Amino acid sequence: MSTSRPSLIPAMVVLSMVLGGIAVDAITARGDDGSVETVGGAVRLMKTHSNIRMVSETVKARVSPDLVEVDCVFVMKNEGHVDTVLIGFPDGSMGPYLGGGEEQELQSFRSWVDGVEVRCRRVRDVDGAPVSEVGSWWVKRVAFARGAIRTIRDHYTVWPSWHPMLGLRAFRYTLFTGASWKGAIGSAEIVATLDGLPLELVTATEPKARQDGRTFRWSFRDFEPGSADGSPANVGLEWKTTPIGDAEEPDSVRN
C-alpha cells in the first residue's frame, strides 16, 4: 500500500477516531469454516467528552463480486472551544492471513480533509484508546477552530465478507460507532450499488433497504445508532455465491 504516513499527536492532545467495521451477526459462520470478516467505515469519538458533533454521514459503496469500493464523507462541527483531534480509520491485523476468521486488511485507503489529501500513518493501536478488536488504524490529526465545520472524506477498497458454509458474501457497514459524538447524528445516507453482481443473487438487506433497480439505500435522521430507541447499529447487503457445500475459497483470500 502506497499511502503516506504522519507522526502521532502527543498524548496530551484530545483524542478522537474515525472507525468502522464489519458487524458479525447471526449468519456469520464460525472461524473453523474459513469465514472472513473484513473491515470498513463509520465514525467514532474516542474520548469521554467532546463538543464535536457529526452533522452528516454519506456513504457510497460500489459492490462487485470480489471487491467493495467505498467512499465516506463525514461533516463534523465543533460546538465548543478550539480542539485538535487524532482521527483514525480501522484496518485489520498487521500480519499474514492465517485462515481462521481474522479481519482482513483493506486493499487501499486514502483520506482528505476539506478537499485536501492528508498523510496517514498505520499503527497497531493508539495510546489512550478504549479496548477494541480492531487490529490497526490509519491515523491523522485534524484541527477544529471554534465553530468550525470540517469535511472528512475516507476512500477505501476491501474484499467482501465471505461465509463459505452458507454460500454467502456480504457488504456490511457499522453505524453504532458514530453514537459517541456529541448528541445525535444529524443524518446518515448509505447507498450500495451493484457492479457486475446479478441482482437475483441478492438474498437480504438488514435493515430492509429501499431498492431502486441495482441500488439499495438506507437513510436515517437525528438518530443514535444502536440505542434503545431501536436505531440500527449497522447495515448490510448479502448475496449468494455458490450452493451450500460447494463453496470454494474466493481468489481474494488465497495467498
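If you go through the range 125-157 and pick out every residue that is part of a strand (DSSP E or B), farther than 18 Å from Asp83 by Cβ and either modelled with pLDDT of 95 or more or not aromatic (Phe, Trp, Tyr) (or both), you end up with 5.
Restricting the range 139-151 to residues that are of a type in the set (A, V, I, L, M, F, W, C) and within 11 Å of Ile52 (Cβ to Cβ) leaves a set whose member that is surrounded by the fewest Cβ atoms within 10 Å (Cβ to Cβ) is Ile149.
Being small (Gly, Ala, Ser) and either closer than 27 Å to Asp66 by Cβ or not in a loop (DSSP other than H, G, I, E, B) (or both) is the filter here, so list the residues in the range 173-189 that pass it. Within the range 173-189, Gly178, Ala179, Ser180, Gly186, Ser187, Ala188 meet the criteria. Applying the condition of being of a type in the set (Gly, Ala, Ser) and modelled with pLDDT of 95 or more to the range 202-255 and asking which residue is farthest from Met165 (Cα to Cα) yields Ser219. All of (1) under 24 Å from Pro225 (Cβ atoms); (2) outside any strand (DSSP E or B); (3) of a type in the set (Gly, Ala, Ser) hold for Ala170 with one exception: (2). Filtering the range 190-230 to residues that are outside any strand (DSSP E or B) and touching a residue at least 24 places away in the same chain (Cβ under 8 Å) leaves Asp195, Gly196, Leu197, Leu201, Pro207, Ala209, Glu224, Pro225, Gly226, Ser227.
Out of the residues in the range 50-76 that are more than 21 Å from Phe223 (Cβ to Cβ) and not in a strand (DSSP E or B), which is modelled with the highest pLDDT? In this case the residue turns out to be Ser64.
The values are calculated or read from the model by the stated rules, or taken from the named source; none is laboratory data. Quick caveat, the model's predicted, so the values are computed rather than measured. No Cβ is skipped: glycine too gets one built from the backbone with ideal geometry, and neighbour counts run over all protein chains shown.
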